[in-house]
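Okay, structure first, notes after.
Rule-based calculations on the coordinates, nothing more; no lab input. Just so we're clear, the structure is a prediction, and the values are computed from it rather than from any experiment. Don't worry about glycine lacking a Cβ; one is built from the backbone with ideal geometry, like all the others, and counts go over all protein chains shown.
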Amino acid sequence: MSAIEQDRTPHALAPRRSAGIDRWALPLIRHEEILLFVLFLIVCGFFALAVPAARQPGTYLDLLRDVSPNLIAAIGVTLLLLAGQFDLSVGSMLAFTGVATVSTFNATGNMWLGILAGLLTGPLVGAINGYLVTVQGMSSLMTTLGMLFALRGLVYVWTNTTPVVDENRFTAFTAFYQGSVLGVPLPGLLAVVLIAIGAVLQATSVVSPSNLIDSMENAEWDGLLPYLTLANLYLVGFNILPAFPMDGGRVLRALLALRMDYVRATGIAVSVGQALAFLFGLAGFATGNFFLILIAIFIWFGASAEGQQVAVRGVLGEATVGQVMTRQPQKLYPTDPLTRAVGLTLSTSQADFPVVDGNERVVGLLTMDDLLRGLQETPGSPVGMVMHRNFPTASPEETIVAVQARLAESRVRAIPIVAADGSLAGFLTAGDIGEAFRLLSVRPQLIGRGAVNR
């Protein structure tokens with residue numbers, strides 16, 4: 001072989017090697033979804049080797065269940081992004097929809113009415129956003145940013161910053177999330193079906209595939225990063241305002257608390273927040289900006305709620321349940337007829353009753369809602385058929401502040417006080433806490449003297 005041939009041989013083999021690499025590398029580069037899927041498989045393989053639990057199929061089914069709400073929301077958000085629009089209110093709308101659904105459950109006792117209320121809130125909020133963006137010509141970024149804070153404020157005011165609990169315990173509703181079909185989580189299956197429907201229809205109801213490709217090629221992607229950066233800056237700027245319930249208000253209170261007591265610092269921070277809310281409201285009315293007015297309402301009520309909570313904690317302090325509870329409440333037994341509960345409600349000041357067994361151990365809680373529902377559905381049934389079997393309890397040594405939070409979280413107006421042996425020691429109602437607060441606001445030393453005890 002000549003020297004010239006020897007020099008040419010490596011150069012002749014190089015394009016072949018390069019062509020072999022291109023055959024599998026170029027599709028990954030050109031198709032980002034394939035590259036992402038390959039990276040996903042690599043990550044799964046790594047954790048399958050490093051973490052034993054990751055080798056079990058149930059782990060991935062649980063993961064699918066957890067991410068399915070995000071998958072479903074991502075379908076609509078993806079279509080918005082392809083159309084060059086944004087929606088920053090998705091998370092707040094999800095919270096608002098959940099509160100509307102469960103609140104309707106509790107108000108009507110009907111699961112399907114609650115589901116209908118939740119399904120209607122999404123289109124309603126979307127219609128408002130769509131009208132402001134398409135008809136009024138407002139920026140989708142600013143519109144949905146305002147809707148984000150407006151919905152968050154409505155949720156705070158509606159729930160008084162406490163969790164909303166399904167008092168009816170509709171197991172059929174929770175089965176929508178916890179259930180499975182052929183071992184596949186139901187919400188994950190729903191997400192996959194929706195994605196499959198979009199793939200089959202090729203999203204022709206929104207834009208044809210050819211037009212979508214053209215619009216993607218002609219889109220000015222250079223402005224996307226500044227646009228997203230601006231959106232996050234707006235969020236950060238609003239969140240650091242010195243007004244409750246934003247983080248800036250909490251920072252202001254922490255700084256003031258370095259030089260004064262906590263309650264007074266909270267009062268000043270609340271006043272600053274309400275002053276800013278007043279200015280936002282004036283600006284909204286002056287400019288006709290609907291969302292500035294909603295944000296002002298959100299800040300005002302959020303600051304008021306925070307101030308009230310701190311004031312209650314400051315007055316009640318370390319007062320215990322045993323110092324303010326009703327020591328000899330009216331009680332019921334599981335075998336008592338509902339008519340006995342009706343008689344006690346009409347002849348005493350109690351509307352909720354602890355239910356005890358023959359050994360005086362607490363086994364249930366009958367609320368006014370339970371009584372009304374029982375009288376409507378099964379008037380001849382005993383107390384044990386309609387009472388709460390899962391209910392909060394407290395001990396006499398706990399603080400009123402802690403038990404008040406438990407009452408709000410459980411969405412009940414009264415809580416049985418249980419001794420160490422499980423017997424009924426007393427009964428604490430929201431009215432008892434209110435009376436203690438009014439008395440201690442005037443004379444805090446009453447607790448030390450035991451004057452509040454009943």
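Using per-residue counts of other Cβ atoms within 10 Å, averaged over each peptide, order 170-176, 260-266 from highest down.
Averaged packing, sorted descending, gives the order 260-266, 170-176.
Between residue 419 and residue 184, what FRET efficiency comes out of the Förster formula 1/(1 + (r/R0)^6) with R0 = 41 Å and r the beta carbon distance, rounded to 0.05?
Values: r = 48 Å, r/R0 = 1.17.
Here the calculated transfer efficiency is 0.30.
Starting from 0.36 nm per residue, how many nanometres of slack lie between residue 113 and residue 250 once their C-alpha separation is accounted for?
My answer for the length gained is 45.5 nm.
Once R0 is set to 22 Å, what does the formula 1/(1 + (r/R0)^6) return for the Cβ-Cβ distance between residue 278 and residue 308, expressed as a FRET efficiency to the nearest 0.05?
That pair, residue 278 with residue 308, gives E of 0.75.
Search the structure for amide H atoms under 5 Å from the amide H of residue 180, placed 1.01 Å from N in the peptide plane, and list their residues when 5 or more places away or on another chain.
186
If you rank 111, 246 by fewest surrounding Cβ atoms within 10 Å, what's the result?
Final ranking by Cβ density, sparse to dense: 111, 246.
On a full-extension model of 0.36 nm per residue, what is the gain between residue 177 and residue 66, subtracting their alpha-carbon distance, rounded to one decimal in nm?
39.0 nm
Under the 0.36 nm per residue contour assumption, what length would be gained going from the current alpha-carbon distance of residue 77 and residue 48 to full extension? Display every interim value, and only then the final one.
On the way: separation 29, 0.36 × 29 = 10.44 nm, distance 3.13 nm.
Using 0.36 nm per residue and subtracting the Cα-Cα distance, I get 7.3 nm.
Starting with the fewest neighbours, write out 406, 253, 259 ranked by other beta-carbon atoms found within 10 Å of each beta-carbon.
The fewest-first ordering by Cβ neighbours comes to 259, 406, 253.
Return the long-range amide H neighbours of residue 366 (sequence gap of 5 or more, or a different chain), with a cut-off of under 5 Å between placed amide H atoms.
For residue 366, the qualifying residues are 353, 355, 388.
So for 294, 252, fewest C-beta neighbours within 10 Å to most, what's the order?
294, 252
According to the square roots a ≥ b ≥ c of the eigenvalues of the Cα gyration tensor, what is the shape class of segment 295-334, taking rounded for a/c under 1.5, prolate for a/b larger than b/c otherwise, and oblate for the remainder?
Taking the square roots of the gyration eigenvalues as a ≥ b ≥ c, segment 295-334 is oblate.
Residue 271 to residue 94: FRET efficiency via 1/(1 + (r/R0)^6), r the Cβ-Cβ distance, R0 25 Å, to the nearest 0.05?
E(calc), rounded to 0.05, equals 0.15.
³J(HN,Hα) across segment 318-330 via Karplus (A = 6.51, B = -1.76, C = 1.60, θ = phi - 60°), whole Hz, x for Gly/Pro?
The phi angles translate into 9, 4, 9, 4, x, 7, 10, 6, 7, 7, 10, x, 5 Hz.
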